[in-house]
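Novice: Below are the structure tokens for one structure; questions will follow.
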Amino acid sequence: MGGDERSLGQDATREMTVLQPADAVLETWRPSRFMVVVAHPDDADFGPAATAAAWIAAGSVGRLVCCTSGDAGAEDPDEDPIALAATREREQRDAAAIVGYDDVVFLHQPDGALANELPLREHLVREIRAFRPDAVLCNDPEMIFWTDGGVNHADHRAAGIAAVDAVYPAARNPMAFPWLARSGLAPHRVRRLYLFWTERADVWVDVTTTVERKIAALGMHASQIHEPERLAERITAWAATEGARVGVSAAESFRRVVIDEDEAIDEDEAG
Ligand SMILES: [Zn+2]
């Protein structure tokens, strides 16, 4: 649905109200492969696009999975949802090309009715096992009410918890959806989650060199964004505020969840 701009707050002052750790950490770990899982076309670009672009520029391979095609993202009840979905998929593919993802996958779940149920989990496990990411970036599913007002979209929460549940334990358990393993999609251990749109951020990624690409990617979502220049100003100001916490010009923040330390995986794979 529309309105994802609100996920960033009405202006750049949200950060003033958010409790942050005194020792904000600049993230230096970088996944070789990462997957971004979102509810709607444009979520990834309002979300971690500058981080994705920075990691890809440094040599990572990234893939984007959109659970819906945003077919309810307009104000007119007579709008054709199929045509809107096609428009939004095209916009997202254009934006993804700017960020540098190797592919965009659409799961074609219903916009506005996304549910963390077994069929969605199976879709996500299939994508994770096929792509084999070290890290998955998704919405913080615990984010319901924003401190400065507003409610996080139900689809965002559903996409976030669906991604978490697919990562752990399903993707790594050969007996979860056993037909997947039997058909050659071997279990896979995602080492880390990076949760965005969170008020519990604990790591910051330096996006000084890629925040402009985030803005350019957002510009591809013409059906959703009606004041691109104002949006660009807000994104720039927001990234600068985040960056100031860790002493860089621009940053994006995440709530980091380490599931497996790298050493544990490397020992397993060696053994
Ligand atoms: Zn959204």
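Novice: For the range 101-180, what % of the accessible area comes from carbon and sulfur atoms, probe 1.4 Å? Display every interim value, and only then the final one.
Specialist: On the way: 1890 of 3240 Å².
Taking all protein chains in place, the range 101-180 shows 58 percent carbon and sulfur surface.
Novice: For residue 58 paired with residue 173, estimate the spin-label separation in nm (one decimal), with each label point 7 Å from Cα along the Cα-to-Cβ line.
Specialist: Placing both labels 7 Å along Cα→Cβ, they lie 3.3 nm apart.
Novice: Based on DSSP H runs of at least 4 residues, each adding -39500 (n - 2.57), what is the mean residue ellipticity at 222 nm of the chain after dividing by all its residues, to the nearest 500 deg cm²/dmol?
Specialist: Working: 10 runs with 105 residues, N = 271.
Rounded to the nearest 500, the figure is -11500 deg cm²/dmol.
Novice: Carbon-plus-sulfur fraction of the accessible area of the range 183-238, 1.4 Å probe, in percent?
Specialist: On the way: 1330 of 2480 Å².
Using a 1.4 Å probe with all protein chains present, the range 183-238 comes out at 54 percent carbon and sulfur.
Novice: A further question on this structure: Looking at the P(r) of the chain, how many percent of alpha-carbon pairs lie beyond 29 Å?
Specialist: Numbers: 9911 of 36585 pairs.
So the portion of pairs separated by more than 29 Å is 27 percent.
Novice: Could I ask something else about it? For the residue pair residue 181 and residue 103, what label-to-label distance in nm results when each label sits 7 Å from Cα along the Cα-to-beta-carbon direction?
Specialist: Here the answer is 2.3 nm between the modelled labels.
Novice: How much FRET efficiency would the formula 1/(1 + (r/R0)^6) give for residue 240 and residue 147, where r is the Cβ-Cβ distance and R0 is 22 Å, rounded to 0.05?
Specialist: Numbers: r = 20 Å, r/R0 = 0.92.
Efficiency computed from Cβ-Cβ geometry: 0.65.
Novice: Let me ask you something else. Project the alpha carbons of the range 25-92 onto their principal axes and report the range along each, largest first, in whole Å.
Specialist: So the extents along the principal axes, rounded to whole Å, are 48, 22, 16.
Novice: Probe of 1.4 angstrom, ligands and nucleic acids ignored: what's the accessible area per residue over the range 132-230, in square angstrom?
Specialist: Numbers: 4230 Å² over 99 residues.
In whole numbers, the range 132-230 has 43 Å² accessible per residue.
Novice: Take each uninterrupted DSSP H stretch in the chain, measure its Cα extent along the helix axis, and return the ones at 15 Å or beyond whose mean Kyte-Doolittle hydropathy is at least -1.0.
Specialist: Working: long enough: 81-99 (26 Å, -0.11); 118-131 (19 Å, -0.04); 154-167 (20 Å, 0.61); 228-246 (27 Å, -0.36).
Those that pass (Cα extent of 15 Å or more, hydropathy at least -1.0) are 81-99, 118-131, 154-167, 228-246.
Novice: Averaging over all projection directions, find the projected area of the Cα convex hull of the range 119-271 and quote it in nm² with one decimal place. Numbers along the way, then the final one.
Specialist: Details: hull surface 45.7 nm².
Approximately 11.4 nm², given one-decimal rounding.
The values are calculated or read from the model by the stated rules, or taken from the named source; none is laboratory data. For clarity, every value in this text was computed on a predicted model and none was experimentally measured. Glycine gets a Cβ as well: all are built from the backbone with ideal geometry, and neighbour counts include every protein chain shown. Keep in mind that these areas ignore ligands, DNA and RNA; they rest on the heavy atoms of the full protein, side chains included. Shrake-Rupley method; radii C 1.70, N 1.55, O 1.52, S 1.80 Å.
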